[in-house]
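Participant: The structure's right below; bear with me while I get my questions together.
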Amino acid sequence: MSDRPHLVLVGSGKFDAVERRRLFERAHPEVTIVPPATTSDRWRAIVPLGVVPGHPDTTTIGSYGLAGLMDQLDQIYPPSDDGHPDPLPG
């Protein structure tokens, strides 16, 4: 048995959305990911003020799918070359 986490890659070579969320939350405890309350609701992420490019007053981003939300978070917090989220310096 390995100490390494079980990583699941999808067709595009990215980790699946659930694994991406788990890794992201470990690397970025300052961001809160909120699941949808109903099936017609959106996934949301509450981020620190000033981190959304072009929208310095925005603290919430959202998507109807977890993968879409993770794509948005990857734009704000680019992952490292190995696909793992990198924490912001400082």
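Participant: Along the Cα-to-C-beta direction of residue 38, a point sits 7 Å from the Cα; which residues of the range 62-76 have their amide N less than 18 Å from that point?
Facilitator: Residues passing the 18 Å test: 63-65.
Participant: With the cut-off at 1.5 for a/c, could you classify the range 28-84 from its C-alpha gyration tensor as rounded, prolate or oblate? Don't skip to the end; give the middle numbers.
Facilitator: Numbers: a/c = 1.94, a/b = 1.24, b/c = 1.56.
It is oblate, given that a/c is not under 1.5 and a/b is not larger than b/c.
Participant: When all protein chains stay in place, what accessible area (Å², nearest 10, 1.4 Å probe) is found for residue 38?
Facilitator: Its heavy atoms expose roughly 80 Å² to the probe.
The values are calculated or read from the model by the stated rules, or taken from the named source; none is laboratory data. Not measured: the values here are computed from a predicted model. Positions of Cβ are generated from backbone atoms using ideal geometry, with glycine treated the same way; all protein chains shown enter the neighbour counts. Only protein heavy atoms, including side chains, enter the accessible area calculation; ligands, DNA and RNA are left aside. Shrake-Rupley method; radii C 1.70, N 1.55, O 1.52, S 1.80 Å.
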